[in-house]
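All remarks here apply to the structure that follows.
The values are calculated or read from the model by the stated rules, or taken from the named source; none is laboratory data. A quick note: this is a predicted structure, and the numbers were derived from the prediction, not measured. Please note: Cβ atoms are built from the backbone with ideal geometry, for glycine as well, and neighbour counts cover all protein chains shown.
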Amino acid sequence: MSRIGWCMVLALAGGTLCGASGVWARGITLHGRIIDAATGEPLPLASVQVMAQFTGTIANDEGFYTLEVGHLPVTLRVSYIGYASREHVVTDSAQAAAGVDFRLPVTPYTLPEMIVRPDEANRIMAEVIRRKAEWRPRVQSWRSEAHTRMTVKKDEEIVAVAEVVSEVHWQREGGYREVVVSQRHTDNMDDPDMDFGTLSAAEEFVDLYDDDIDFIENNLMGPTHPDALDVYDFDLIGRRLVDDRVVFDIDVRPKHKPEAAFVGRVSIVDVDFALIEAELTPSKSIISAALPLPLFEDFAWSFAQQWRQFDGLWLAVDYRFEGRVRIGTFGLHFPEIGVRGVTRMSNYEVNIDLPDSLYEEETIVRVDSTRVQADTAFARGASGVPLTEEEVAAYASLDSSRYLDKEFRPTGLWARFLPTEEEMDEEREKRRQERRERAEQTAADSGSARSDSTRSKSKPKPKHRNWLPEYSGAVRANRVEEVYAGGSAQYRLGQRTRAYGRVGYSIGVERVAGSAGLAGGRPVHGKGRDRMDLGFRVEYERGVARRYDSDLYHHFFNSAQALTGLDDYFDYGWREMVEVELSLSGWRENGFLWLTARDERQQTLSALADFGLLPFDDVRPNVPVFDGDIRSARLGGRLGHDYTPFGVTANRRLTLEAEVATDWFGSDVSFSTWRFTWDWQQPTFWTRRWLPNTLDLRVLAGASTGDVPPQRHAALDVAMGPFTPFGAFRTVHGHPYEGPRYAALFWEHNFRTVPFEYLGAWGLVRRGMGLVVHGASGRTWHDGTSSALRSTMRSTGGWHHELGASLILYGLFRVDVTRRLDQAGWRIGGSLARFDFD
């Protein structure tokens, strides 16, 4: 698999590929095997504890265990649900070296008959939740020794193994911190071109006893959450014994399909009413909707965990996960990627003072390189969970010739265009040589610098301005300019000041256009996130300018429409302008204030081009502008980020702006305008999910007084050809509604895949099919506009109302069907799905 593919799998696995790992004080290693006394079959994940201590481990899938203790004698106790526990006293090192095996007999199932009431499981879980509320607050901090192993499979073959040993610290206020002290992995993970990072217990360790559990950005409710009885259906499905104590097996599943919750089983020990075992899988809705892209053909994930009592506290002794991902699309298919992890937690120290140095920085995971190089754990065979025979064989056979990008090489039609294995090896060796040469050069430069330090420093080096040029080009087409081509450059003058300019030529108007400006700023208060900056901008501009602006459509969209013979979305005029602006940013989080002075002269452009890939049909005239000087001042403010059209991010912002032009400024026309824009997104239902149901709102309003020129009219966006994005009236297209006064509301509610989840249409859910309902209402007013101009401008002619629904396809695109309500009319269009990432 390619590096991108591998990193993608790691990211999709949500970091839980890395469980916990731990540190053992040097001592005596005990080992042995745990089997069924009658059949000789291994008892995987059987629990081994040192009596009267916070020390323990679990067996591997073959029943083998290892456990390091600081001294002898110790008493080991082995337990497994459905079997009688056994204890053994290890008195000397000879016993330890020989191994301590355990043969557990099945506990006879002689439980008395029990009348199971319909709410019996709820009664048991309510008591578990009540008891948890009593003992959990007593845990203020802990330190544990942990060991994690992560195994990666291609189909059913192991292709990589990695392990870490670390000290894990937890504090109620500060959260997790981890110090890695030992690590090892198969040789094929020593790929210098792939950064696998460090396995971590602290960053992604999952305790299924918690109220809230994160899974791929979903916040799943744990089965012992205080509100779990409102979200889950619990069903008592069986009883087992562990020694002389009853264990209740309870089926867990959400009451409603779209809940961010688990499906599976929890085991509750009687009397204490505590979780001792859980096997849980994120609900089908979460799994199906987690990766709604055609790139993912299959995805599965499950968790398992055990807890044991330590002085009245129930702490996790392990954490296990297993996942499967199949990536592919038409003509390109990767082998199935399987990941399996096991974490063993041991040697708890509870409610202790943790070093303040652990929490001085936000870094969660640190690597103690000195102890890692000394290999304080693996060199002594002190890993917490023994390797299986298959994992031992993987360590022996997976050498550097089996890098993971080779193991996960795809097949299919498009795979032939990828580099061959020989080409990959040549490229890898080339990069290695480049790194060696850079390292040698760095060493040589370091030696030269040390030599130079002994020389005279009386002559300082000359200082130069930090001029860093940046260039870009632009091409656009419309019915006035025909084709415009130009370029721009920007030069950074130091850290906060830049000079910029643009020059281009419009074929249709046969004129050179351009601009030049200087912008910069300086901090005036505070530091970091609390810093306020005072900025300035001075700019001269001449060229063809759009008569009204749009938050939705860039020149690119309009050029595509014009070149295909559709209606040009904008009107244009020739403008020469000088603008000076002062701004203040950071006065509130994402707050921005500006004061602008403008002196501009515009000229009507009446000539129209007659070109396009398709012939124009009845070219719309270019609306005349006011010819004369407009000198105005603008004052505005914004809370929130810049608007992202039809975007992948939620828009939450408020903008207010006022403009005044008067003969006091020497303006040839006097007017004032006020404009208001509010964008908001509100999660509505299923808010624990990665992408909950959301309501999006966009409110626009504006008013004016005086002789408002056409170039100061506001525009309400409409569809551009077949493109019908949010924030536009979808039942009309071509060019926008406009006027000196306006008001509009756009809204849509995104139900995502939830309707199809209720219907059980899981195939559609996995393909990212979702449902959106939407609507819009708006109006423009043309009071004071001459009848001649009014005839060339689009007006709503009253209130425009529309209502519609959209089908989301593969979580990426959508088909919009909209009906106009104030008059007859339907419209079908397409746009982009709104991901609404915060």
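If only residues of the stretch 85-133 that are of a type in the set (Asp, Glu) and modelled with pLDDT of 85 or more are counted, the one that is nearest to Pro226 (Cα to Cα) is Glu127. Against the criterion of being of a type outside the set (D, E, K, R), at pLDDT below 95 and on the phi > 0 side of the Ramachandran plot, Ile216 qualifies. Scanning the stretch 533-590 for residues that are among the hydrophobic types (A, V, I, L, M, F, W, C) and assigned to a loop (DSSP other than H, G, I, E, B), we see that the one that is farthest from the chain's Cα centre (by Cα) is Leu566. Give just the number: which of (1) of a type outside the set (Val, Ile, Thr); (2) in contact (Cβ under 8 Å) with a residue 40 or more places away in the chain; (3) part of a strand (DSSP E or B); (4) within 28 Å of Asp530 (Cβ to Cβ) does Glu657 not satisfy? With respect to (1) of a type outside the set (Val, Ile, Thr); (2) in contact (Cβ under 8 Å) with a residue 40 or more places away in the chain; (3) part of a strand (DSSP E or B); (4) within 28 Å of Asp530 (Cβ to Cβ), Glu657 is out only on (2).
To keep it simple, each residue is scored yes or no on (1) over 21 Å from the mean Cα position of the chain (by Cα); (2) of a type in the set (Val, Ile, Thr).
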| position | (1), (2) |
| --- | --- |
| Val247 | yes, yes |
| Ile287 | no, yes |
| Asp298 | no, no |
| Trp301 | no, no |
| Gly323 | no, no |
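Would you check which residues across the stretch 223-250 are assigned to a strand (DSSP E or B) and either touching a Leu at 6+ places or on another chain (Cβ under 8 Å) or within 12 Å of Gly82 (Cα to Cα) (or both) and list them? Scanning the stretch 223-250 gives Gly238, Arg239, Arg240, Leu241, Val242, Arg245, Val246, Val247, Phe248, Asp249, Ile250.
Counting the residues of the stretch 1-30 that are touching a helix residue (DSSP H, G or I) at 6+ places or on another chain (Cβ under 8 Å), modelled with pLDDT of 50 or more and either surrounded by fewer than 23 Cβ atoms within 10 Å (Cβ to Cβ) or of a type in the set (Gly, Ala, Ser) (or both) gives 3.
Name the residue that is surrounded by the fewest Cβ atoms within 10 Å (Cβ to Cβ), counting only residues in the stretch 727-760 that are in contact with a strand residue (DSSP E or B) (Cβ under 9 Å, 6 or more places away or on another chain) and among the aliphatic types (A, V, I, L, M). Before you say what the answer is, go through the steps one by one.
Taking the stretch 727-760 and keeping what is in contact with a strand residue (DSSP E or B) (Cβ under 9 Å, 6 or more places away or on another chain), we get 727-756.
Restricting the remaining residues to those that are among the aliphatic types (A, V, I, L, M) gives 728, 732, 743-745, 754.
Numbers: Ala728: 28, Val732: 20, Ala743: 18, Ala744: 23, Leu745: 14, Val754: 22.
Across the stretch 727-760, the extreme among qualifying residues is Leu745.
The combined condition, being without any contact (Cβ under 8 Å) to a residue 60 or more places away in the chain and touching a Gly at 6+ places or on another chain (Cβ under 8 Å), is fulfilled by Arg779. Among the residues of the stretch 797-827, those that are within 30 Å of His713 (Cα to Cα) and without any contact (Cβ under 8 Å) to a residue 60 or more places away in the chain comprise Gly797, Gly798, Trp799, His801, Leu803, Val817, Leu821, Asp822, Gln823, Ala824. Within the stretch 806-822, is even one residue over 30 Å from the mean Cα position of the chain (by Cα) and either closer than 28 Å to Val623 by Cα or among the small types (Gly, Ala, Ser) (or both)? There is at least one residue in the stretch 806-822 that is over 30 Å from the mean Cα position of the chain (by Cα) and either closer than 28 Å to Val623 by Cα or among the small types (Gly, Ala, Ser) (or both).
Could you say whether any residue in the stretch 356-378 is among the small types (Gly, Ala, Ser), modelled with pLDDT of 80 or more and not in a loop (DSSP other than H, G, I, E, B)? Walk me through it before giving the result.
Looking only at the stretch 356-378, we keep the residues that are among the small types (Gly, Ala, Ser), and these are 357, 369, 374, 377.
Remaining after also requiring modelled with pLDDT of 80 or more: 357, 369.
Pick out the ones that are also not in a loop (DSSP other than H, G, I, E, B) and you get 357, 369.
Checked the stretch 356-378: at least one residue is among the small types (Gly, Ala, Ser), modelled with pLDDT of 80 or more and not in a loop (DSSP other than H, G, I, E, B).
In the set Trp680, Trp690, only one residue is farther than 30 Å from Asp627 by Cα, assigned to a strand (DSSP E or B), under 22 Å from the mean Cα position of the chain (by Cα) and of a type in the set (A, V, I, L, M, F, W, C); that residue is Trp680. Please verify whether Pro355 is loosely packed, with under 14 Cβ neighbours inside 10 Å and closer than 29 Å to Val50 by Cβ, treating the condition exactly as stated. The answer is yes for Pro355. Candidates in the stretch 761-779 are the residues that are in contact with a Lys or Arg (Cβ under 8 Å, 6 or more places away or on another chain) and modelled with pLDDT under 95; of these, the one that is surrounded by the fewest Cβ atoms within 10 Å (Cβ to Cβ) is Trp762. Only one entry of Trp587, Trp664, Trp574 meets the criterion of being hydrophobic (A, V, I, L, M, F, W, C) and out of contact with any strand residue (DSSP E or B) (no Cβ under 8 Å at 6 or more places or on another chain), and that entry is Trp664. Scanning the stretch 482-532 for residues that are loosely packed, with under 15 Cβ neighbours inside 10 Å and not in a strand (DSSP E or B) yields Gly494, Gln495, Arg496, Ile507, Glu510, Gly526, Lys527, Gly528, Arg529, Asp530, Arg531.
Before we move on, is Arg479 of a type in the set (Lys, Arg), under 30 Å from Phe729 (Cβ atoms), surrounded by 14 or more Cβ atoms within 10 Å (Cβ to Cβ) and in contact with a Leu (Cβ under 7 Å, 6 or more places away or on another chain)?
Details: of a type in the set (Lys, Arg): yes; under 30 Å from Phe729 (Cβ atoms): yes; surrounded by 14 or more Cβ atoms within 10 Å (Cβ to Cβ): yes; in contact with a Leu (Cβ under 7 Å, 6 or more places away or on another chain): yes.
Yes, satisfied.
When each of Glu336, Glu407, Glu361 is tested for being of a type in the set (Asp, Glu), outside the structural domain of Phe273 (by TED's automatic domain parsing), under 34 Å from the mean Cα position of the chain (by Cα) and surrounded by fewer than 13 Cβ atoms within 10 Å (Cβ to Cβ), the lone residue that passes is Glu361.
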